[in-house]
Amino acid sequence: MAMGTAGQLGLAVLAACGLAGVPAAHAAGKRVGNVDAGRSEVMMVCAACHGTDGNSTDPQYPKLAGQHADYIEHQLESFQKGRRSNSIMSGMAAMLSQQQIADVAAYFSQQKTAPGPVDTDQVALGKSIYEHGVPAVGLPGCQSCHGPKGLGDAAKLVPRIAGQHAQYVVQVLTGWHNGQAWGDGPHARLALSVGQKLSVAQIHAIAAYVQGLNAVP
Ligand code: HEC
Ligand code: HEC
């Protein structure tokens, strides 16, 4: 079913339910992150918003703990290149060298995601969308890409979303819903179409569900 509905999304990248792999430019000449150097950089700059261990306490800032290193690098490069834009993060990313990006990504990816609170009122609708999508508009379940536990897929640059702050997830999905793309690559276009197929009420329900997905890998 996931494949059929994904087809309705018009997503060629979803061949056999697999997204395009890590972009070639990313795989080639990749720097090896140094966790200790990453920790120092995080303590000096990033911790103020993302927490010392990547578990932000203010829910407008995403948790980065346990996120795939390649995905963190990909997003920092997107901010640097202007594919993704944010008044705070675009400036933060601009200050980082490629080596620092690899270092902070290595550090955050090795931290453990803190569990998020479960919002029982929203769980039923959120769970249904997570697992089955919204067939009426051709949206496949989130789990078809993000996995049944929300752990994502490192090799395909699909992010971990389990335990992420609901407020941040609402921010992201609402941005896509309103047409603010993260660039025009296949993954960005895919993410945009997910946001555009969800209603505002569905966005709130799915965000609450994702926050409470306290998956242990
Ligand atoms: C003043 C607050 C602040 C600081 C300091 C900060 N960030 Fe952020 N960060 C944000 C906000 C806000 C977002 C969400 C941006 C958006 O909504 O697109 C974000 C998003 C991110 C993302 C994208 C996460 C995702 O799940 O897509 C990464 C990666 C990131 N920050 C890394 C860093 C790193 C590395 C540093 C330190 C060099 C840092 N940030 C410093 C506020 C901050
Ligand atoms: C067809 C595959 C696919 C489906 C289905 C899908 N996603 Fe995603 N999602 C992705 C990819 C790929 C990205 C990364 C986008 C990028 O790199 O620009 C992403 C990114 C995200 C992010 C941003 C994470 C971050 O912090 O950077 C959130 C939140 C998210 N998806 C939530 C959802 C939810 C909720 C659903 C179900 C309603 C869903 N996704 C369905 C593939 C998918």
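The values are calculated or read from the model by the stated rules, or taken from the named source; none is laboratory data. Not measured: the values here are computed from a predicted model. Methodologically, a virtual Cβ is constructed for each residue, glycine included, from the backbone with ideal geometry; neighbour enumeration extends over all protein chains shown. Note: areas computed on protein heavy atoms with side chains; ligands, DNA, RNA excluded. Shrake-Rupley method; radii C 1.70, N 1.55, O 1.52, S 1.80 Å.
Within the range 159-186, no residue satisfies the criterion of being open to solvent by less than 20 Å² (accessible area, probe 1.4 Å), touching a Leu at 6+ places or on another chain (Cβ under 6 Å) and more than 22 Å from Thr57 (Cβ to Cβ).
Can you tell me which of Arg39, Arg84 is over 22 Å from Asn214 (Cα atoms), among the basic types (Lys, Arg) and in a loop (DSSP other than H, G, I, E, B)? Walk me through it before giving the result.
On the way: Arg39 fails: in a loop (DSSP other than H, G, I, E, B).
None of the other options fit; the residue is Arg84.
Matching residues to (1) more than 10 Å from ligand 2 (Cβ to nearest atom); (2) over 24 Å from Ala106 (Cβ atoms):
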{"position": "Gly141", "(1), (2)": "no, yes"}
{"position": "Val158", "(1), (2)": "no, no"}
{"position": "Tyr168", "(1), (2)": "no, no"}
{"position": "Thr174", "(1), (2)": "yes, yes"}
{"position": "Gly179", "(1), (2)": "yes, yes"}
{"position": "Leu198", "(1), (2)": "no, yes"}
{"position": "Ala207", "(1), (2)": "no, yes"}
{"position": "Gln211", "(1), (2)": "yes, yes"}
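The residue pairs whose first member lies in the range 137-165 and is free of Cβ contacts under 8 Å to residues at least 60 places away in the same chain, whose second member is basic (Lys, Arg), and whose beta carbons are closer than 7 Å, counting only pairs six or more residues apart or on different chains, are Ala162/Lys149.
Within the range 93-107, is even one residue within 13 Å of ligand 1 (Cβ to nearest atom), open to solvent by 50 Å² or more (accessible area, probe 1.4 Å) and within 24 Å of Thr174 (Cβ to Cβ)? Write out each step before concluding.
From the range 93-107, those within 13 Å of ligand 1 (Cβ to nearest atom) are 93-107; that's our starting set.
From the residues that got through so far, the ones that are open to solvent by 50 Å² or more (accessible area, probe 1.4 Å) too are 94-95, 97-100.
Still in the list and also within 24 Å of Thr174 (Cβ to Cβ): none.
No: the range 93-107 contains no residue that is within 13 Å of ligand 1 (Cβ to nearest atom), open to solvent by 50 Å² or more (accessible area, probe 1.4 Å) and within 24 Å of Thr174 (Cβ to Cβ).
Under the condition of being farther than 20 Å from Gly33 by Cα and within 8 Å of ligand 1 (Cβ to nearest atom), which residue from the range 64-86 is least open to solvent (accessible area, probe 1.4 Å)? Steps first, answer last, please.
Going through the range 64-86, the residues farther than 20 Å from Gly33 by Cα turn out to be 81-86.
After this cut, where a residue has to be within 8 Å of ligand 1 (Cβ to nearest atom) as well, the list is 84-86.
On the way: Arg84: 28, Ser85: 100, Asn86: 65 Å².
Looking at residues that are farther than 20 Å from Gly33 by Cα and within 8 Å of ligand 1 (Cβ to nearest atom), I get Arg84.
Among Ala124, Ala102, which is the only one that is more than 24 Å from Asp58 (Cβ to Cβ), outside the structural domain of Ala188 (by TED's automatic domain parsing) and part of a helix (DSSP H, G or I)? Spell out how you get there, then give the answer.
Numbers: Ala124 fails: outside the structural domain of Ala188 (by TED's automatic domain parsing).
Within the list Ala124, Ala102, the selection yields Ala102.
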